[in-house]
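First comes the structure, then the notes that go with it.
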Amino acid sequence: MIAVAQSAAEREVVTLASELIAIDTSNVSDPTRPGKERLAAEYVAAKLVEVGYETAYVESGAPGRGNVVARLAGADPLRGALLVHGHLDVVPADPGDWSVHPFSGEVQNGYVWGRGAVDMKGMVAMMLAVARQFKRDHVVPPRDLIFAFLADEEAGGFCGARWLVDHRPELFEGSSEAISEVGGFSVTFDGRTRAYLVETAEKGVMWLRLKVSGTAGHGSMLHHDNAVAKLAAAITRLDTHRFPVILTDPVREFLEGVADLTGVPFDERDPEAAVARLGNLSRMIGATLRDTANVTMFNAGYKGNVVPSLAQATVDGRVLPGREQAFKAEVAEVLGSDTECEWQGMPSVQTTFDGALVDAMASAIGAEDPGARVLPYMLSAGTDAKSFQRLGIRHFGFAPLRLPAELDFSSLFHGVDERVPVDALEFGTRVLDRLLRTC
């Protein structure tokens, strides 16, 4: 076999990922505090300017919320541009829980380690490496490419993509399609058959802030109107409640594709049985069979011997397309009339698994991993696609990575010891390069 020399993009992608991870961009989800994305945005802008790009640096809605956007002109200006976007912020990490420091960007044992390696500085590094390669090599892609490096995705993008869409839409002028997280990663079935999942849909978000009032008093006395107890009971009812199973088109397509690959028939009357056969992936795919509502924060009281008059909680609701009103009604019924609900929502995202861009994704994967398949799926979480669909942009999750069969990839999102294989980053860079040259 003749060895093929690595491209400049492949040679630098690991370094870019490591250096980006080492810039702590933790997002504590407090819009009143300055953001931490500025240093990472300035790093990205400098790397782009170095090879000749003109960049737009914008702080979106709050100090430090740095965003960088650059455009590479394509051969056909009449075609819709492709938006390639990634976020620079990450969720916080406690160094005491990790095997390596989460902001070290350490490279060891064939992996790049650190917060953001998967979500999503690895993809940001691939975007940056390919963008730099194209500029150095004077590549003219078939259509305009817009590279966007964004703030605040981990808190909904309200000081990031959402703000830019509302206040600086001209930065994305002409965009008709987009790619970003969470998709393009491989899953191995039966220990031998690899498929790459392309996100074509994602659940909607319904964040709930719950309040229950009661009668305050001394903790030593009898109490029959305890706000903490009432809210705890309501939350327990919600936690044990199971929303109905609904088989959406993206999930059906995915499960039918898995059945075709494995030879195990898929019974539409029992999709949960099909999901149970998916191993580690079942946590994510299983969450796309129904709405979910998980309590994430509980706050009550101010002293150990005082029954407070108010108890509050936060619930993370994720809702299937078209289920928003039914979900709100079902949650209200489960919680009961004592619980006051304040809602903040973001819409679901959904498109079809077809068209020239999908064909180009399959071709790019096939060129680097012959015999592999691409399958559509629904993401149980949310991304900046929710903001960009406000501009009529069709979205796909495609951040290509060829992963070891034994790696529990889905557990690394927001997890301890987040890491990405070095060879997966190099593979993804090759795939992204092929895609952007042909799409």
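Would you point out the residue of segment 292-306, among those that are touching an Asp or Glu at 6+ places or on another chain (Cβ under 7 Å) and touching a residue at least 24 places away in the same chain (Cβ under 8 Å), that is surrounded by the most Cβ atoms within 10 Å (Cβ to Cβ)?
In this case the residue turns out to be Val295.
Scan segment 23-43 for residues that are out of contact with any strand residue (DSSP E or B) (no Cβ under 8 Å at 6 or more places or on another chain) and buried (at least 18 other Cβ atoms within 10 Å of the Cβ) and jot them down.
Of everything in segment 23-43, those that are out of contact with any strand residue (DSSP E or B) (no Cβ under 8 Å at 6 or more places or on another chain) and buried (at least 18 other Cβ atoms within 10 Å of the Cβ) turn out to be Ile23, Tyr43.
If I go through segment 401-426 residue by residue, how many of them are more than 11 Å from Ala117 (Cα to Cα), surrounded by 15 or more Cβ atoms within 10 Å (Cβ to Cβ) and either among the hydroxyl-bearing types (Ser, Thr, Tyr) or in contact with a Ser or Thr (Cβ under 9 Å, 6 or more places away or on another chain) (or both)?
Residues in segment 401-426 being more than 11 Å from Ala117 (Cα to Cα), surrounded by 15 or more Cβ atoms within 10 Å (Cβ to Cβ) and either among the hydroxyl-bearing types (Ser, Thr, Tyr) or in contact with a Ser or Thr (Cβ under 9 Å, 6 or more places away or on another chain) (or both): 7 in total.
Quick check on this structure: which one of Ala75, Ala46, Ala56 is out of contact with any strand residue (DSSP E or B) (no Cβ under 8 Å at 6 or more places or on another chain) and either outside any helix (DSSP H, G or I) or outside the structural domain of Pro102 (by TED's automatic domain parsing) (or both)?
Going through Ala75, Ala46, Ala56 in turn, the sole match is Ala75.
If you check Val245 against the conditions, is it hydrophobic (A, V, I, L, M, F, W, C), surrounded by fewer than 18 Cβ atoms within 10 Å (Cβ to Cβ) and out of contact with any helix residue (DSSP H, G or I) (no Cβ under 7 Å at 6 or more places or on another chain)?
So Val245 fails the test.
Using the structure shown, decide if Ser7 is more than 21 Å from Val139 (Cβ to Cβ), in contact (Cβ under 8 Å) with a residue 12 or more places away in the chain and hydroxyl-bearing (Ser, Thr, Tyr).
No: the conditions fail for Ser7.
Considering only segment 167-181, state which residues are in contact with a helix residue (DSSP H, G or I) (Cβ under 8 Å, 6 or more places away or on another chain) and over 15 Å from Met120 (Cα atoms).
Pro169, Leu171, Phe172, Ser175, Glu177, Ala178
Quickly run through segment 215-230 and pick out the residues that are more than 16 Å from Val306 (Cβ to Cβ) and modelled with pLDDT of 95 or more.
Scanning segment 215-230 gives a single hit, Lys230.
Using beta carbons and a limit of 9 Å, which pairs, at least six apart or on different chains, have the first residue in segment 49-69 and on the phi > 0 side of the Ramachandran plot and the second one of a type in the set (A, V, I, L, M) and surrounded by fewer than 20 Cβ atoms within 10 Å (Cβ to Cβ)?
Short answer, once both residue conditions are applied: Gly64/Leu39.
Any idea how many residues of segment 136-161 are surrounded by fewer than 22 Cβ atoms within 10 Å (Cβ to Cβ), over 17 Å from Ile179 (Cβ atoms), in contact (Cβ under 8 Å) with a residue 12 or more places away in the chain and more than 13 Å from the chain's Cα centre (by Cα)?
Qualifying residue count for the region: 4.
Could you please let me know if Ala274 is loosely packed, with under 14 Cβ neighbours inside 10 Å, assigned to a helix (DSSP H, G or I), of a type in the set (Gly, Ala, Ser) and under 29 Å from the mean Cα position of the chain (by Cα)?
No, not satisfied.
If you go through segment 322-342 one residue at a time, how many are surrounded by 15 or more Cβ atoms within 10 Å (Cβ to Cβ), more than 14 Å from Ala234 (Cβ to Cβ), out of contact with any Asp or Glu (no Cβ under 9 Å at 6 or more places or on another chain) and not acidic (Asp, Glu)?
So the count comes out to 1.
Tally time: how many residues in segment 253-268 are closer than 18 Å to Arg290 by Cβ and surrounded by fewer than 16 Cβ atoms within 10 Å (Cβ to Cβ)?
2
Out of the residues in segment 46-82 meeting the condition of being of a type in the set (A, V, I, L, M) and touching an Asp or Glu at 6+ places or on another chain (Cβ under 9 Å), tell me which one is farthest from Phe396 (Cα to Cα).
Taking the candidates together, the pick is Ala62.
Every residue, every condition in (1) out of contact with any Leu (no Cβ under 9 Å at 6 or more places or on another chain); (2) touching a residue at least 40 places away in the same chain (Cβ under 8 Å); (3) closer than 22 Å to Thr188 by Cα, yes or no:
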{"residue": "Ile285", "(1), (2), (3)": "no, yes, yes"}
{"residue": "Pro308", "(1), (2), (3)": "yes, yes, no"}
{"residue": "Asp354", "(1), (2), (3)": "yes, no, no"}
{"residue": "Ala362", "(1), (2), (3)": "yes, no, yes"}
{"residue": "Pro376", "(1), (2), (3)": "no, yes, yes"}
{"residue": "Lys386", "(1), (2), (3)": "yes, yes, no"}
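The values are calculated or read from the model by the stated rules, or taken from the named source; none is laboratory data. This one's a predicted model, so the numbers in the text were calculated from it and none came from an experiment. For neighbour counting, all protein chains shown are included, and Cβ atoms are generated from backbone atoms with ideal geometry for every residue, glycine included.
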